[in-house]
1. Ignoring everything except DSSP H segments at least 4 long, calculate the 222 nm mean residue ellipticity for the chain; use -39,500 (n - 2.57) per segment, divide by total residues, nearest 500.
2. Quick one: check the C-alpha center-to-center distance for the stretch 104-134 versus the stretch 25-44, whole angstrom.
3. Quantify, in whole percent, the carbon and sulfur part of the accessible surface of the chain (1.4 Å probe; protein heavy atoms only).
4. Sorted by accessible area (1.4 Å probe), largest first, how do 88, 184, 3 line up?
5. For the stretch 195-217 and the stretch 254-308, compute the distance between their C-alpha centroids and round to whole Å.
6. Just the accessible area per residue of the chain, please: how many Å² with a 1.4 Å probe?
7. For the chain, modelled as a GNM with alpha-carbon contacts under 10 angstrom, which of 168, 280, 47 fluctuates the most?
8. Any idea what % of Cα-Cα pairs in the stretch 182-341 are farther than 24 Å?
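The values are calculated or read from the model by the stated rules, or taken from the named source; none is laboratory data. Bear in mind the structure is a predicted one, so any value in this text is a computation, not a measurement. Using ideal geometry, Cβ is built from the backbone for each residue, glycine included, and neighbour counts are taken over all protein chains shown. Surface areas here come from the heavy atoms of the whole protein model, side chains and all, with no ligands, DNA or RNA. Shrake-Rupley method; radii C 1.70, N 1.55, O 1.52, S 1.80 Å.
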Amino acid sequence: MEKKNIDWSNLGFGYVQTDKRYVSNYRNGAWDEGGLTEDANVVINECAGVLQYSQSCFEGLKAYTTQDGHIVTFRPDLNAARMEDSAKRLEMPVFPQDRFIEAVEQVVAANAAYVPPYGSGATMYLRPYMFGSNPVIGVKPADEYQFRIFATPVGPYFKGGVRPLTICVSDFDRAAPHGTGHLKAGLNYAMSLHAIMTAHANGFDENMYLDPATRTKVEETGGANFLFVTKDNKVVTPKSDSILPSITRRSLVYVAKEYLGLEVEEREVLFEEVKDFAECGLCGTAAVISPVGKIVDHGKEICMPSGMSEMGAVTKKLYETLTGIQMGRIEAPEGWIHVIE
């Protein structure tokens, strides 16, 4: 298929409207058959459940052109499963996992001309999401819902190369104990906006949130999980019931163990341990791993030995291995790469 006339190398990380998107509606206790549409607009009542009580959840994944020319997605089954968990907790109907994957396939195939070519540094970002669509004035779950997926080509998250981040320990809590921090719910991200804008205003790239109960343990940032590397090259990731189970983090943990032969610990991480780590990174779909060079706790600086100029050695190897798997340069574990065409 002939690609769209887009300057792929100068594409930013933003929204570009593509030709088709998928829509399915839930009414009278069942999802309709769904399908593709050219209409990018969502029309809902002024009293829709999503507008009144923020009843919504979403996912994020990417489609790539691999080295051998195939268009693929990365572990969409995990996105489908995580969205099911989010829907159940938010009293929303589950969109079946097999239909989720079929919808991803349809959207990617219909917009194949927007999937950036291999080697361009760009990818196609997919956003599945669901929301309460019928009027709801009393505090209760909606009766009707809409599930949608749109696609947009995006450039590399770090234009001009990776730059280690400076982050601050936040005074805000990202999630409540026994709350919804483990879900990819829109309300969690709305709550993080003031905190991230405050961090930016103070000259920081991101926040480090501590556990809301004791504020002694590392949790995550507003949109990524932490990954640490000890001075003897052990990979450590925080474990908590109130952080989002990142698909990228889970994949990096597997890569560390099975591809690089590294010891991995998934456990509670006390903030007082952070000063003793050799490397720190943020894991997410957008950048895979964003290296952290400095953490500031109310004026007290913790400078990572890996420095502010480039990724640490282990973090870089993890990044190169996982992106190599995604792009088809390295053989993938069974089931990780879902070929569209």
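1. Details: 6 runs with 71 residues, N = 341.
Counting only the DSSP helices, I get -6500 deg cm²/dmol.
2. Measuring centre to centre over Cα atoms gives 18 Å.
3. Numbers: 7530 of 15500 Å².
Here carbon and sulfur together make up 49 percent of the probe-accessible area.
4. Details: 88 115, 184 25, 3 65 Å².
Putting 88, 184, 3 in descending order of accessible area: 88, 3, 184.
5. 16
6. Numbers: 15500 Å² over 341 residues.
I get 45 Å² per residue for the chain.
7. Result for the chain, Cα springs under 10 Å: 47 fluctuates most.
8. For the stretch 182-341, the share of Cα pairs beyond 24 Å comes to 34 percent.
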